[in-house]
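The values are calculated or read from the model by the stated rules, or taken from the named source; none is laboratory data. As the structure is a prediction and not an experimental result, all values here were calculated from the model. Reconstructed Cβ throughout: ideal geometry from the backbone, glycine too, with neighbour counts over all protein chains shown.
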Amino acid sequence: MKIAIASGKGGTGKTTVAVNLALSIPNSQLVDCDVEEPNCNLFLNKELEPIASSKITVPNIDEELCTYCGKCSQMCRFNAIATLPEKVIIFPTLCHSCGGCILDCPEHAISGREKCTGIISRSADMEDHPRLYEGVLNIGESMASPVIKELKRWIEPDAVTIIDSPPGTGCPVMTTLEDTDHCILVTEPTPFGLHDLRLAVEMVKIMNIPVGVIINRSEEGNLIIEEYCDKENIDVLMRIPLNKRIAELYSQGIPFVEEMPEWKERFSDLFEKIVNEKVLA
Amino acid sequence: MKICITSRGTDLFSQCDPRFGRCPYFVIVDDDTMKYEALENPGPLAEGGAGIKAAQALTALGIDALLTGKMGPNAFSVLNAAGIKVFTGIYGAVEDTVSQYRQGQLDLIEDATTSAQHG
Ligand code: SF4
Ligand code: SF4
């Protein structure tokens, strides 16, 4: 069972939900796919050890063979190659590894070379609960998806997996959501929150993944998200109130289920509900 | 000397444009005769790496200097490799930027002024 926690934009409390949910499910593993800014371990303080690196293939040009015809630059829609009158410059951080330039070079001057773009780490203590997996995109790199793909290869298939997705609705989020069983979207009860939620719901529906919503910083009497979810037939799975105790624990970097056992129960019920739905579906 | 200026329009009286990768035109001026020509910048059509695309378009034209507002490291490395000097800090009309250049009011850059654009 893989449950992804996502949100249309950053700062909605996605990571808080992921961490608290993972802590509330026995034997679960937590996978931090927000590789540009992995935050889960800020709340968990686990000792991690590197286990793998993500690699992409970028072009390598043999200038002896190159005639500076410029075909490779024309073909690359990311402009990762510039052809000058007597020089070719490659910008590996812009390369999407499509391989097009290699095929298009009439002189066969381009070959592929491997380049490391990120590091995958895991809890050093295998008995840890939840066992944490984390990917970090190297500084200066811009392609998050290959790191996320490599990270997901390490997920143990039989354990319950909670995945903290990157924010937004871009390519890295889609890579994260691929092959998950359920997606929980975390949002706030504001017009901005609703706007971003709509975009996220559209994306998840296109990917055909069952979806539920958690309202963070929920306020009594504010029904903006509920009204939308009603119309779209989406379950509101949980409301996390604007609560002083929760905010305090958050600011101290303590997952609130650790200090407020009633919430551990709520998260565990929520998980049961998602599992039951899957069994019925 | 052939000087290229990032511009909003196609002649000497157009407003200059401080952006490099995404300015609509380049105006190329011979600063001895003040003869000029304009060139459309291919950068704005790029999905990513606009600065690289724009810089590459300039490398085959025999330009000595480029005057603009600011420039990212990728575009700079292309122009630098082509031996084109880059000056930043232009304002006003294209014509004015040539005087700013002549009077030494612009900054010659050895390094880029804005960070890389990820695409
Ligand atoms: S396509 Fe091949 S020969 Fe042409 S510029 Fe690129 S590397 Fe050189
Ligand atoms: S592999 Fe694709 S993205 Fe990378 S430089 Fe070649 S054409 Fe561009």
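Summary table
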quantity	calculated
The lone exception for A:CYS229 - which of (1) in contact with a helix residue (DSSP H, G or I) (Cβ under 7 Å, 6 or more places away or on another chain); (2) surrounded by 19 or more Cβ atoms within 10 Å (Cβ to Cβ) it fails	(1)
Test: residue in region A:109-117 that is at positive phi and either crowded, with 20+ Cβ neighbours inside 10 Å or not aliphatic (A, V, I, L, M) (or both)	no
Count of region A:195-243 residues which are outside any helix (DSSP H, G or I) and not acidic (Asp, Glu)	25
Test: residue in region A:53-61 that is at pLDDT 95 or above, within 9 Å of ligand 1 (Cβ to nearest atom) and more than 16 Å from B:GLN56 (Cα to Cα)	yes
Residue satisfying condition, being surrounded by fewer than 22 Cβ atoms within 10 Å (Cβ to Cβ) and under 28 Å from A:THR83 (Cβ atoms), within set B:GLY48, B:GLY89, B:GLY21, B:GLY43	B:GLY48
Strands (runs of 3 or more DSSP E) wholly inside region B:1-115 that include at least 1 residues being in contact (Cβ under 8 Å) with a residue 60 or more places away in the chain	B:2-7, B:25-30, B:65-68
Pair list, Cβ under 9 Å, 6 or more apart: region A:80-104 residue within 18 Å of B:ALA60 (Cα to Cα), other residue basic (Lys, Arg) and not in a strand (DSSP E or B)	A:ALA82/B:LYS53; A:THR83/A:LYS71
Single residue of region B:63-79 satisfying the filter (out of contact with any helix residue (DSSP H, G or I) (no Cβ under 6 Å at 6 or more places or on another chain) and within 10 Å of chain A (Cβ to nearest Cβ)) that is modelled with the highest pLDDT	B:SER77
Index of the failed condition, A:PRO130 passing every other in (1) more than 16 Å from ligand 2 (Cβ to nearest atom); (2) touching an Asp or Glu at 6+ places or on another chain (Cβ under 9 Å)	(2)
Residue check for A:ASP158: surrounded by fewer than 20 Cβ atoms within 10 Å (Cβ to Cβ), part of a loop (DSSP other than H, G, I, E, B), touching a residue at least 24 places away in the same chain (Cβ under 8 Å) and not hydrophobic (A, V, I, L, M, F, W, C)	no
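Okay, residues lined up against (1) within 18 Å of the chain's Cα centre (by Cα); (2) over 23 Å from A:PHE271 (Cα atoms); (3) at pLDDT 95 or above:
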| residue | (1), (2), (3) |
| --- | --- |
| A:LEU132 | yes, no, yes |
| A:ILE139 | yes, yes, no |
| A:GLU150 | yes, yes, yes |
| A:THR169 | yes, yes, no |
| A:MET174 | yes, no, yes |
| A:PHE192 | no, yes, no |
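Conditions tested, residue by residue: (1) within 14 Å of chain B (Cβ to nearest Cβ); (2) under 30 Å from A:GLU258 (Cα atoms); (3) not small (Gly, Ala, Ser).
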{"site": "A:ASN39", "(1), (2), (3)": "no, yes, yes"}
{"site": "A:TYR68", "(1), (2), (3)": "yes, no, yes"}
{"site": "A:PRO85", "(1), (2), (3)": "yes, no, yes"}
{"site": "A:GLY112", "(1), (2), (3)": "no, no, no"}
